[in-house]
Amino acid sequence: MQLYATVERLLQGLRVPVTRQTIRRTLETHPTLPSLSSLTDALSEWGVETMAVRLSDHHLMEVSYPFLAHTGTGDDTDYVVVERVQHDTISYFHPVRGVVQEPLTVFRKQWQGIGLLTEANEASGEYQYAAKRQAEVRASYRKPFLLASLTVLGLAVVLQAPSWSWLALLIANMAGLLVCVALWSEEANQGAFTYLKKLCGLSPKTDCHQVVNSPAGKLFGWIGMADIGLVYFGSSVLALAWGGLAAQHALLWLTAAALPYTIFSVGYQAFVLRKWCTLCLIVQATLWITFGLHIGATGGFMTTQLTAESILPIIAAFALVGAIWVFLKPLLTNAPVVRQVESALARFKRNELLFVNLLENQPVVAIDELPAELIAGNRDAPITLTVVSNPFCGPCADAHNVVEKILAVYPEDVRVIERFAGNSRDESSETNYVARHLIGLSGQAILPEALHDWYTHKDFARLQARYPANPAIDATTVHHQHMVWCDAVKVEYTPSVFINGRLLPDLFTINDLLVHLRHVISRQEATHALAD
């Protein structure tokens, strides 16, 4: 979608680090894409403040760049990134046209004067950007690595080929396998091999999907011709690799047995369906080509000798490839369904009204301030997040990283109270020791750094040496109060997150607060304004 390129360009101009994959996933899972609210929500999630305003030509000279402008009319509209205005010339990025410089009067004809001003700060950016960027870079190497590996493998096969006829047969069968995979992709409504599937729409009389899903396209009503072709060509490739020249003799008979089906298929397409499957025709042509190559390589049926040496590799190849495909096909078939469900769930979870309604339906628990409370952020903030953790809980470490991001993005709007679950049956457990040492840091400026250090390294000796606790704090008593409170409000797992006393609904995790916290803050401020 063109909107992805626009947002990526805007973030580059603002120098806000967000990976391409995150931009795409965040936008495509927003329930109101491509509305302006989907953009403001995404930018807010990455710590970019936004404000929609109406601008005059004079204001264009005064605002900060870059900002988003909505151009066009009716259905033909685009978001563009305005990067500079000098005198009577505007420079902007268009997702299709690229960087455009034109007179301001020309731009005005397609722009209604609405702009989305943006402002970033040091905290702006994607949560865990460095790790996600590394993963994205590694993923970008997959295709080049695969192509390089296939090239090396191909050269090795060419150099080690026992004969040119064997090599020609191998290439022909590999081509047939590739086309059958594309054909199966069409049959299963998959999105792979787009460049080959374009052959299915050459004219109004070509329709691969109708042909492969016709009654004649299924053996016994459930085995697709694409499945048979895929197993046939895949097994032939494997048999040639295993059996060498000897396998060619048995494959000649096998190929000859498959030829009558090609005649039936062409006749069925021509006289019954009156539609053509281009990929099917390529497969059938490949069968005839391989048959001709087999004749040339073996000298024909009269000189062909069927021996155990020539038959066994073929039986083994068909058994192995067939078994692999029986196992692999359901996984490939269900993969798009899983992706669709995941995408639908992501859009569902990003729905603002759903989140707010589920949160407000949660009972409010009392969170009275305890002695030596561990508090971060603005003490007078309208939103209080109470996070119940276990020092050795892996997800708690991840939750703490999210808390740090939230405090960086909303320093004036959120305060965080950290409380620790504990081991009431073993007072000398390491969990209790660590929790009580951290409680002993209450009120010290080093507390945020100490929490970050602990959840990063989980080294108690290091924690004690670098961040000495205040001996005046009775950490054991305070920790007991934490545990009593956890029992009273029925904390069942860590991390548990309470938003102004309401437990975060089970459908959501603390990561989802990066998406929804802006709306919660806005509603809280509106409620206070009405009360005043």
Going through 451, 441, 513 one at a time, which residue ends up being over 36 Å from the mean Cα position of the chain (by Cα) and surrounded by 14 or more Cβ atoms within 10 Å (Cβ to Cβ)? 441
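The rows are residues; the columns are (1) at pLDDT 90 or above; (2) among the β-branched types (Val, Ile, Thr).
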{"position": "138", "(1), (2)": "yes, no"}
{"position": "141", "(1), (2)": "yes, no"}
{"position": "144", "(1), (2)": "yes, no"}
{"position": "153", "(1), (2)": "no, no"}
{"position": "158", "(1), (2)": "no, yes"}
{"position": "162", "(1), (2)": "no, no"}
{"position": "171", "(1), (2)": "yes, yes"}
{"position": "175", "(1), (2)": "yes, no"}
Restricting attention to segment 279-305, and to residues there that are surrounded by fewer than 16 Cβ atoms within 10 Å (Cβ to Cβ), assigned to a helix (DSSP H, G or I) and modelled with pLDDT under 85, which single residue is nearest to the chain's Cα centre (by Cα)? 296
Within the group 206, 262, which residue is modelled with pLDDT of 85 or more and among the polar types (S, T, N, Q)? 262
Of everything in segment 232-253, what is in contact with a helix residue (DSSP H, G or I) (Cβ under 7 Å, 6 or more places away or on another chain) and aliphatic (A, V, I, L, M)? Give them in sequence order. 237, 238, 239, 240, 245, 246, 247, 250, 251, 252
I'm checking my understanding of the structure. Among residues of segment 22-43 that are farther than 11 Å from residue 116 by Cα, crowded, with 18+ Cβ neighbours inside 10 Å and hydroxyl-bearing (Ser, Thr, Tyr), which one is farthest from the chain's Cα centre (by Cα)? 38
For residues that are outside any helix (DSSP H, G or I), surrounded by fewer than 21 Cβ atoms within 10 Å (Cβ to Cβ) and of a type outside the set (Lys, Arg), tally how many sit in segment 2-18. 2
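Hey, among 412, 418, 404, 427, which residue is part of a loop (DSSP other than H, G, I, E, B) and closer than 29 Å to residue 524 by Cβ?
On the way: 418 fails: part of a loop (DSSP other than H, G, I, E, B); 404 fails: part of a loop (DSSP other than H, G, I, E, B); 427 fails: closer than 29 Å to residue 524 by Cβ.
Just a single option satisfies the conditions, and that option is 412.
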Do we have residue 255 as modelled with pLDDT of 85 or more, hydroxyl-bearing (Ser, Thr, Tyr), under 24 Å from residue 202 (Cβ atoms) and part of a helix (DSSP H, G or I) here? no
Does segment 80-94 include one or more residues that are touching a Pro at 6+ places or on another chain (Cβ under 8 Å), β-branched (Val, Ile, Thr) and under 28 Å from residue 408 (Cα atoms)? yes
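If you go through segment 153-174, how many residues are under 20 Å from residue 298 (Cβ atoms) and part of a helix (DSSP H, G or I)?
Residues of segment 153-174 under 20 Å from residue 298 (Cβ atoms): 161-174.
From what's left, part of a helix (DSSP H, G or I): 164-174.
Count: 11.
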Tally, over segment 260-283, of residues that are in contact (Cβ under 8 Å) with a residue 24 or more places away in the chain and under 19 Å from residue 171 (Cα atoms): 4
Among the residues of segment 454-462, is there at least one that is of a type in the set (A, V, I, L, M, F, W, C) and buried (at least 18 other Cβ atoms within 10 Å of the Cβ)? yes
Could you figure out which of (1) aromatic (Phe, Trp, Tyr); (2) in the same structural domain as residue 259 (by the TED database); (3) exposed (fewer than 15 other Cβ atoms within 10 Å of the Cβ) isn't true of residue 276? (3)
Looking at this structure, is residue 71 part of a loop (DSSP other than H, G, I, E, B), over 19 Å from residue 123 (Cα atoms) and of a type in the set (S, T, N, Q)? no
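The values are calculated or read from the model by the stated rules, or taken from the named source; none is laboratory data. Please read all numbers here as calculations on a predicted model, not as lab measurements. Note that we place each Cβ from the backbone using ideal geometry, even for glycine, and neighbour counts take in every protein chain shown.
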